[in-house]
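Report on the structure given below.
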């Protein structure tokens, strides 16, 4: 499967415009090669200036795409961090309510809260909430991976078509040092979510926890 098709099949539709515009960048490359002056008809420096001007435009476009991706990733990561904190707080409160209910303290609360199934129901709601949150983390991790792969492939294509190594150097100096690629907080959040569900919601049973958190193939699920 070509990367354009792979990207299209695995993106999160709601985020479509936030991914690397791989197809546009590929079109830019092929157009530049097709429209280049013939080395047999013009002086070598004419060809050199032509590709130098193209590279200026191409890497400016790369800069814009990278900035877009860094910004979006940072925003989504911040949202995820806040959401995890909120879910942890809700879980702590639910566990405290469950403990109080078992101890009979609930009888001192308003009548509507005296039903013994209230804490248990809240725990079930939190299990679902953590599962949905986990899916959003996997989607963001996938966003990270797809965009890095997109840059790697398009820059490799650039160097192959133009017979240079500028793309590889740009990737090393820009993509591989970028926030969206260097930051590993998404991996930490995934691990902490797995640990929380395992220890706090599934009684230490990791197999059961991972079954609950199971993410469908990324080509099938489409909602963040």
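Derivation of every value follows stated rules applied to the coordinates shown; laboratory data play no part. Fair warning: this is a prediction, and the values are worked out from it, not measured in the lab. Every residue, glycine as well, gets a Cβ built from its backbone with ideal geometry; the counts of neighbours run over all protein chains shown.
Overview of values
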read-out: Residues located in segment 11-27, provided they are surrounded by 11 or more Cβ atoms within 10 Å (Cβ to Cβ), in a helix (DSSP H, G or I) and out of contact with any helix residue (DSSP H, G or I) (no Cβ under 6 Å at 6 or more places or on another chain); value: 14, 15, 24, 26, 27
read-out: Count of segment 45-61 residues which are surrounded by 13 or more Cβ atoms within 10 Å (Cβ to Cβ) and closer than 16 Å to residue 30 by Cα; value: 8
read-out: Extreme residue, nearest to residue 80 (Cα to Cα), among residues of segment 170-197 that are without any contact (Cβ under 8 Å) to a residue 12 or more places away in the chain and assigned to a helix (DSSP H, G or I); value: 188
read-out: Residue count for segment 178-212, restricted to those that are closer than 24 Å to residue 148 by Cα and out of contact with any helix residue (DSSP H, G or I) (no Cβ under 8 Å at 6 or more places or on another chain); value: 4
read-out: Breaking point among (1) touching a residue at least 24 places away in the same chain (Cβ under 8 Å); (2) buried (at least 18 other Cβ atoms within 10 Å of the Cβ); (3) within 20 Å of residue 67 (Cβ to Cβ), for residue 167; value: (1)
